[in-house]
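Reviewing the structure listed below.
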Amino acid sequence: MRNKILFLLLFTQLASFAQESIYSIYSAPNKNLYAVGNGNVFTSPDTGKNWYYNHISDFQLYSICFTNPNTGYIVGRQGLLYTTIDKGATWVNSNLNISYNLYAIVFVNANNGFIVGANGLILKTTNSGKDWVEKQTQFQGKLYALSFINDSIGLAVGDSGEILKTTNYGETWNKINSTVTQRLRSVVATYNNECYIVGDNQTLLKSNDKGNTWLPKIGRASC
């Protein structure tokens, strides 16, 4: 994976995007690789050997995911949400009437998906992105990532060590206490109840009980 990311960064330089940041990379069910950056969607149909880009916005795009070989979603700055139904050949901008930055989008199945963003925002859809409903979190900071163990149990992480958990299909989100105060940037929940979080200053956390308790700093990230 690291080699693919490095190659992608090299490609952006060759394509006169030397200052562009790449925020997310995704392996889709159609076997394409996708990545998003400063308004560009990069696509590789051959496991990273070649990349093609499509400029769809003048704002940063932070996260991309697909629910089937044809249907994908992108979220980004100032409430941007784009959808494709043709493997990313074209992207349609959906108006969410939201001005907050949206940092991550995840679908647990074809119908049910979630978006997290600034000001503690969590949005849920139950109809494949046609409608989105805001869920209350009592958190005012930025949420950067989320992950689900199964359809009902999920975790979201963000600023100041914030960890939120749902056990009822994302209807309500409750704070999980931890001693961490660093910004948390990514979370992965596995199907064997283990969960992992990474964040600023080489923060690395692990949970063995579906995210209820966390072991502070099981290690340090290194290259």
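Every condition in (1) in a loop (DSSP other than H, G, I, E, B); (2) without any contact (Cβ under 8 Å) to a residue 12 or more places away in the chain; (3) not β-branched (Val, Ile, Thr) is met by TYR196 except one, and the failing one is (1). Residue count for the stretch 70-91, restricted to those that are open to solvent by 70 Å² or more (accessible area, probe 1.4 Å) and within 16 Å of ASP58 (Cβ to Cβ): 2.
Where residues in the stretch 137-153 are assigned to a loop (DSSP other than H, G, I, E, B) and of a type outside the set (S, T, N, Q), which of them is farthest from the chain's Cα centre (by Cα)?
Residues of the stretch 137-153 that are assigned to a loop (DSSP other than H, G, I, E, B), as a first pass: 137-142, 149-153.
Filter again for of a type outside the set (S, T, N, Q), leaving 139, 141-142, 149, 151, 153.
Details: PHE139: 18, GLY141: 16, LYS142: 13, ILE149: 15, ASP151: 17, ILE153: 17 Å.
So the residue we want is PHE139.
Filter the stretch 113-124 for residues that are under 15 Å from the mean Cα position of the chain (by Cα) and either open to solvent by 30 Å² or more (accessible area, probe 1.4 Å) or not basic (Lys, Arg) (or both) and give the result. It would help to see each step written out before you state the result.
Taking the stretch 113-124 first, the residues under 15 Å from the mean Cα position of the chain (by Cα) are 113-118, 120-124.
GLY113, PHE114, ILE115, VAL116, GLY117, ALA118, GLY120, LEU121, ILE122, LEU123 - these are the residues of the stretch 113-124 that are under 15 Å from the mean Cα position of the chain (by Cα) and either open to solvent by 30 Å² or more (accessible area, probe 1.4 Å) or not basic (Lys, Arg) (or both).
None of ASP131, ASP151 is acidic (Asp, Glu) and within 22 Å of ALA28 (Cβ to Cβ) except ASP151. Across the stretch 125-148, the number of residues qualifying as in contact with a helix residue (DSSP H, G or I) (Cβ under 6 Å, 6 or more places away or on another chain) and open to solvent by 50 Å² or more (accessible area, probe 1.4 Å) comes to 2.
I'm trying to understand the selection: among the residues of the stretch 94-108, which are open to solvent by less than 50 Å² (accessible area, probe 1.4 Å) and either over 11 Å from the mean Cα position of the chain (by Cα) or without any contact (Cβ under 8 Å) to a residue 40 or more places away in the chain (or both)? Write out each step before concluding.
Just the residues of the stretch 94-108 that are open to solvent by less than 50 Å² (accessible area, probe 1.4 Å), to begin with: 94, 96, 98, 101-108.
The answer is SER94, LEU96, ILE98, ASN101, VAL108.
Report yes if SER152 is surrounded by fewer than 17 Cβ atoms within 10 Å (Cβ to Cβ), touching a residue at least 24 places away in the same chain (Cβ under 8 Å) and within 15 Å of VAL106 (Cα to Cα), otherwise no. When the stated conditions are applied, SER152 does not pass them. Across the stretch 154-181, the number of residues qualifying as modelled with pLDDT of 95 or more and either in a loop (DSSP other than H, G, I, E, B) or of a type in the set (A, V, I, L, M, F, W, C) (or both) comes to 14. GLU162 fulfils the conditions (1) within 29 Å of ARG77 (Cβ to Cβ); (2) touching a strand residue (DSSP E or B) at 6+ places or on another chain (Cβ under 6 Å) except for a single criterion, (2). Could you tell me whether any residue of the stretch 4-25 is modelled with pLDDT of 95 or more, part of a loop (DSSP other than H, G, I, E, B), surrounded by 14 or more Cβ atoms within 10 Å (Cβ to Cβ) and not aromatic (Phe, Trp, Tyr)? So far as the stretch 4-25 goes, no, none of its residues is modelled with pLDDT of 95 or more, part of a loop (DSSP other than H, G, I, E, B), surrounded by 14 or more Cβ atoms within 10 Å (Cβ to Cβ) and not aromatic (Phe, Trp, Tyr).
Can you spot a residue in the stretch 85-93 that is part of a strand (DSSP E or B) and more than 17 Å from the chain's Cα centre (by Cα)? Break it down stepwise before answering.
Going through the stretch 85-93, the residues part of a strand (DSSP E or B) turn out to be 92-93.
Now restrict to residues that are more than 17 Å from the chain's Cα centre (by Cα): 92-93.
Yes.
The values are calculated or read from the model by the stated rules, or taken from the named source; none is laboratory data. No experiment lies behind these values; they were computed from the predicted model shown. Cβ atoms come from the backbone with ideal geometry, glycine included; neighbour counts cover every protein chain shown. These accessible areas exclude ligands, DNA and RNA; they are computed on the full protein's heavy atoms, side chains included. Shrake-Rupley method; radii C 1.70, N 1.55, O 1.52, S 1.80 Å.
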